[in-house]
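Note sheet for the following structure.
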Amino acid sequence: MKKKMVVLNYKVIVEPDERVGTGELCYYAYCPKLDIADDGDTINDALANIKEAIELKLEFMADMGEEVPMERDDVMFTSVSIPTSREFNFV
């Protein structure tokens, strides 16, 4: 018998960071809705680690009988195209 699965989407913010103590470059991933964070050596590592952290947090919340917070449906993200003929300074 197959388990029913529910797909949940959570906003995750990934930013470059430095490891405490070594100063090495890493990437910091944060999920504001669940107030959890993780990091990784690369962006993909950080995303994989935060995904696992989100899954573990949701399992813990279910085990404790806590309500699972959901992202609002009205939060939207968009992609924009900018001309390459102009110089932009990204931060």
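See the values below:
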quantity	calculated
Cβ-based exposure ranking for ILE43, ILE54, in which fewest neighbours within 10 Å come first	ILE43, ILE54
Cα convex hull of the stretch 10-79 - mean projected area over all directions, nm²	5.8 nm²
Proximal charge balance of GLU59 [Cβ under 15 Å; K/R count +1, D/E count -1]	-2
Charge context of VAL12, other residues only, Cβ under 11 angstrom, K/R +1, D/E -1	0
Nonlocal amide H pairs with ILE36, under 5 Å, H built at 1.01 Å	CYS31
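Quick note: the coordinates plus some simple rules give every number you see, no bench work behind them. Every value quoted in this text rests on a predicted model; they were computed, and no experiment measured them. As a convention, Cβ positions derive from the backbone with ideal geometry for all residues, glycine included, and neighbour counts pool all protein chains shown.
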